[in-house]
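The values are calculated or read from the model by the stated rules, or taken from the named source; none is laboratory data. These numbers come from a predicted model, not from an experiment. Glycine also receives a Cβ, built like all others from the backbone with ideal geometry; neighbour counts cover every protein chain displayed.
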Amino acid sequence: MKPEKLIVDGRRLDGRGPNDLRKIKIEAGVLHRADGSCYLEWGGNKVFAAVYGPREAVPRHTQNPLRAIVKARYNMAAFSVEDRKRPGPDRRSVEISKVISEALERVILTEQFPRASVDVCIEVLDAEAGTRCAGLTAAAVALVDAGIPMRDIPVACAAGKIDGQVVVDLGKEEDNYGQADLPIAIAPRTGEVLLMQMDGHLTVEEFNKAFDMAVESCGKVSEIQKKAILQRYHAVDEVIE
Amino acid sequence: MEQKMRRVVIPSQCLGDAGPFKAGRGTFTEAGKIYSEHLGILNQEGDVLQVIPLKGRYNPIPGDFVIGIVLEAMQSSWLIDINAPYPAVLHVNEAPWEVEFGDTARYLNTGDSVLAKVLSVDESKKLQVTLNDRNLYKIKGGNILEVDPSIVPRIIGKKGSMIANIKKYSRCRIFVGQNGRIWIDGPVDGIDLVLLAINKIESEAISYGLTDRVEELLKQHAKDVR
């Protein structure tokens, strides 16, 4: 069911302005058996991320004698979307796993762990547009929680075009019926781009605008991430004071 | 930095300029600034800034005493899990027994635990452990508890004060491996007491004056003290 208009009087369907993000909640260290974990809610997205390792990479031939490899696995639960999704890896999730692995590999200090692998599992329990950004953001918090040495804490956010206007963090209808979607991931300290994909069409000016808006939003998400990590040790902080 | 606070830092957090400070362990330098590389506690010794990790795998250092679990008995060696990113090799020459070729499983088999010493770590992080030292043996009986390797110094305490207290009140035999595995043997209520103390240490690892608080806790719960 396509809504007539995605923007009414400058407000989007859920009442947001063009620069507003959906509500984000991040909690670190939620899974008992994983080395590091994170639960993230981003609007209607609900994502778990778990990190295992560094541990010896198997099978043996995948090992790199000089550095660790990063294996991220993005998986959507069968019940995460309205129509049941057939379980198991499909073309889309294999692609997302690959781009997230490569984004994370860039920030992890892999040269400290030759022959090892860092395994990241991203499980999408509930999907509502922007799951790859949510997954990567959750994975980053889980990596920090696992105590893995990193150059930066990666963070992702999307921008896009709906009703001819560039907006940030597309919701479900906006993603389905919008004109373009531009998810990016950056390393916030250096501003380095770790992931960028685009669906739909944007002019150069629109692209530049969308890119800048997405980077700005990444900064906001990054603050929430950092707070979530420190929150885990907040109880002990109080004891000191 | 004040003395009374232990500051928790997260990766990529700027710790200071590379000029007045030197980058120690757990940090990296980029464009004249020192950054933390993992989640940990900032520690300053002289002008050296270092970050002590709060979580993470055990980083083996030659000479460390560790508790290992045998993964596999091979023809002339054993593979030992010491909670590091990689399994460690225990060669028959490093064991105190006369082992015939192929007869390794008679001495140590999958699932057995040993108290071992890290012998060597090479540049590709291949690990070797040894049983040829004083007080190293195959563990028989008792329980093994796993904690985060980063809180092992807290459990031992200054000059062993914390662990001495725990041993005194619980009347258990305890060995704390550097890799975060703790072997405990003794009466059931003693083991409960050890667990209570270690849980407290785990949850308050980054605060000061912990030894006194744990001793108080032990005093409260201990039945009789030698």
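The residues in segment A:90-122 that are away from chain B (no Cβ under 14 Å), crowded, with 24+ Cβ neighbours inside 10 Å and not in a helix (DSSP H, G or I) can be counted, and the count is 2.
Looking at segment A:123-146, is at least one residue more than 22 Å from A:Tyr74 (Cα to Cα) and part of a loop (DSSP other than H, G, I, E, B)? No - not one qualifying residue is present in segment A:123-146.
Quick one: would you say B:Leu49 is part of a strand (DSSP E or B) and within 14 Å of another protein chain (Cβ to nearest Cβ)? Answer is no for this residue.
If you check B:Pro96 against the conditions, is it assigned to a loop (DSSP other than H, G, I, E, B), touching a Leu at 6+ places or on another chain (Cβ under 9 Å) and within 14 Å of chain A (Cβ to nearest Cβ)? Spelling it out, it is not the case that B:Pro96 is assigned to a loop (DSSP other than H, G, I, E, B), touching a Leu at 6+ places or on another chain (Cβ under 9 Å) and within 14 Å of chain A (Cβ to nearest Cβ).
Restricting segment B:168-219 to residues that are in a helix (DSSP H, G or I) and in contact with a Gly (Cβ under 7 Å, 6 or more places away or on another chain) leaves a set whose member that is modelled with the lowest pLDDT is B:Thr211. Looking only at segment A:73-87, residues that are assigned to a loop (DSSP other than H, G, I, E, B) and of a type in the set (Ser, Thr, Tyr) come to 1 in all.
Could we say that A:Leu143 is buried (at least 21 other Cβ atoms within 10 Å of the Cβ) and either within 14 Å of chain B (Cβ to nearest Cβ) or closer than 19 Å to A:Val81 by Cβ (or both) here? For A:Leu143, the condition - buried (at least 21 other Cβ atoms within 10 Å of the Cβ) and either within 14 Å of chain B (Cβ to nearest Cβ) or closer than 19 Å to A:Val81 by Cβ (or both) - is met. One residue stands out in segment A:63-89 among those that are surrounded by 12 or more Cβ atoms within 10 Å (Cβ to Cβ) and closer than 22 Å to B:Lys125 by Cβ: the one that is nearest to the other protein chains (Cβ to nearest Cβ), namely A:Ala68.
For every residue, the table says whether it meets (1) under 13 Å from the mean Cα position of the chain (by Cα); (2) assigned to a helix (DSSP H, G or I).
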site: A:Arg189; (1), (2): no, no
site: A:Leu194; (1), (2): yes, no
site: A:Glu206; (1), (2): no, yes
site: A:Ala210; (1), (2): no, yes
site: A:Val215; (1), (2): no, yes
site: A:Val221; (1), (2): yes, yes
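Listed here are the residues, each with its yes/no results for (1) within 18 Å of B:Leu218 (Cβ to Cβ); (2) charged (D, E, K, R).
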residue: B:Trp78; (1), (2): no, no
residue: B:Glu94; (1), (2): no, yes
residue: B:Thr130; (1), (2): no, no
residue: B:Asn135; (1), (2): no, no
residue: B:Ile151; (1), (2): yes, no
residue: B:Ser161; (1), (2): yes, no
residue: B:Asp189; (1), (2): yes, yes
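Within segment A:161-187, the set of residues being farther than 17 Å from A:Ile96 by Cβ, in a strand (DSSP E or B) and without any contact (Cβ under 8 Å) to a residue 60 or more places away in the chain comprises A:Lys161, A:Ala180, A:Ile186.
Scanning segment B:52-71 for residues that are surrounded by fewer than 21 Cβ atoms within 10 Å (Cβ to Cβ), modelled with pLDDT of 95 or more and not in a loop (DSSP other than H, G, I, E, B) yields B:Phe65, B:Ile69, B:Leu71. Taking B:Tyr58 as meeting all but one of (1) farther than 30 Å from A:Lys226 by Cβ; (2) within 14 Å of chain A (Cβ to nearest Cβ); (3) of a type outside the set (Asp, Glu), write down the number of the exception. It is condition (1) that B:Tyr58 fails. For segment A:1-50, which residues satisfy the criterion of being of a type in the set (S, T, N, Q) and farther than 22 Å from B:Leu39 by Cβ? Scanning segment A:1-50 gives A:Asn19, A:Asn45. Taken as a whole, the condition of being within 14 Å of another protein chain (Cβ to nearest Cβ) and in contact with a Cys (Cβ under 6 Å, 6 or more places away or on another chain) does not apply to A:Val221. If the condition is being within 14 Å of another protein chain (Cβ to nearest Cβ) and either touching a Ser or Thr at 6+ places or on another chain (Cβ under 6 Å) or surrounded by fewer than 15 Cβ atoms within 10 Å (Cβ to Cβ) (or both), then segment B:160-215 contributes B:Asn199, B:Glu202, B:Ser203, B:Tyr208, B:Gly209, B:Asp212.
Does A:Tyr52 satisfy the criteria of being within 14 Å of chain B (Cβ to nearest Cβ), within 14 Å of A:Cys121 (Cα to Cα) and either not in a strand (DSSP E or B) or not small (Gly, Ala, Ser) (or both)? So A:Tyr52 fits the description; yes.
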